[in-house]
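All remarks here apply to the structure that follows.
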Amino acid sequence: MSALQRIRQTTCRLLVNNQVGGVAAARRSSAAALTRPSASAVAVLRPLSFYRTFSAQPAAEEKQIIPGIGKGKTSTGIVGLKVEPDWYNGMLKKFQLLLDTMEGSDMPETCQYRIDVTKWANFVIATTKANPEDPEAIEDEVRMGQVEELMEMADDEMICCNMYIKKKFWLEMDPEGPEIDFNPDPMKDELGPDGDPRVREKILRDQERMKNLYDEDEEEDYETDPDATDHEAY
């Protein structure tokens, strides 16, 4: 083998050894990078309590939102009845409106309807103020459904209250109370000849009053503008 051939053979061996060594070194560097996390990775892997030590309020004092309860409530489970996030102010406003409406009317304080509604409204208001952040406690205390249902009841009661005031139903009540027969005769006809004249008179008088009230309601329902069309009238 000539000197030139030996030089070429030696050069090829050196090149091959350098390439193999370079690949091995690259592999060793990659393995080290995978097993040794970077500074950003170390920051991510640190426990959350490491950062909470610098917070003004400890994490233990944070209130957890429970699905379906309080702020986590998303449905009432009743079709057409939406969740009311501001239930606290809604409850106080609606039930206080009932009290103010009766107070501003000529309904006497001795009227049994006013007595009953006043007791109910005051009880709900007091219970709501005692539990400003716990609607479940109010529902358990009042025992008339969810807070959304209570607000709906207050709206319905307002309709009844306005009608009661407009028609002055307290004038139709007998201040002495009804006469109760604890042993009635099922075959007795109060409107017949063998009936009590006082009872018969009262029944006929009340029937006439109810008829007049019904006629007044009919006139209000069908009272229309003479210039209005049939579609606008109804």
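Can you give the accessible area per residue of segment 163-216, in Å², using a 1.4 Å probe?
In whole numbers, segment 163-216 has 87 Å² accessible per residue.
Other residues whose C-beta falls under 11 angstrom from the C-beta of L92 contribute a net charge of +2, scoring Lys and Arg +1 and Asp and Glu -1.
Apolar share of the accessible surface for segment 64-156: 52 percent from carbon plus sulfur atoms, 1.4 Å probe. Charging the Cβ of each Asp and Glu at -1 and of each Lys and Arg at +1, and nothing else, the dipole of segment 73-219 about its Cα centre rounds to 320 debye. Think of segment 69-208 as having a plus end and a minus end, set by charges on the Cβ of Lys, Arg, Asp and Glu; of A137, S75, T110, S75 sits farthest toward the positive end of this dipole. Which shape class applies to segment 93-190: rounded if a/c is under 1.5, otherwise prolate when a/b exceeds b/c and oblate if not, where a ≥ b ≥ c are the square roots of the Cα gyration tensor eigenvalues? In terms of gyration-tensor shape, prolate. Decide, for segment 113-165, between rounded, prolate and oblate: order the square roots of the alpha carbon gyration tensor eigenvalues as a ≥ b ≥ c, take rounded if a/c falls under 1.5, and otherwise choose prolate if a/b is larger than b/c, else oblate. It comes out prolate by the Cα gyration axes. For K119, the lysines whose Cα falls under 22 Å of its own Cα, not counting residues fewer than eight places away in the same chain, are K93, K94, K129, K166, K168. Computed with every protein chain present, the accessible area of K188 is close to 80 Å² [probe 1.4 Å].
The values are calculated or read from the model by the stated rules, or taken from the named source; none is laboratory data. Remember, it's a predicted structure, so these values are computed and weren't measured experimentally. Neighbour counts are summed over all protein chains in view; Cβ atoms, including those assigned to glycine, are modelled from backbone coordinates with ideal geometry. Surface accessibility is based on the protein's heavy atoms, side chains included, excluding ligands, DNA and RNA. Shrake-Rupley method; radii C 1.70, N 1.55, O 1.52, S 1.80 Å.
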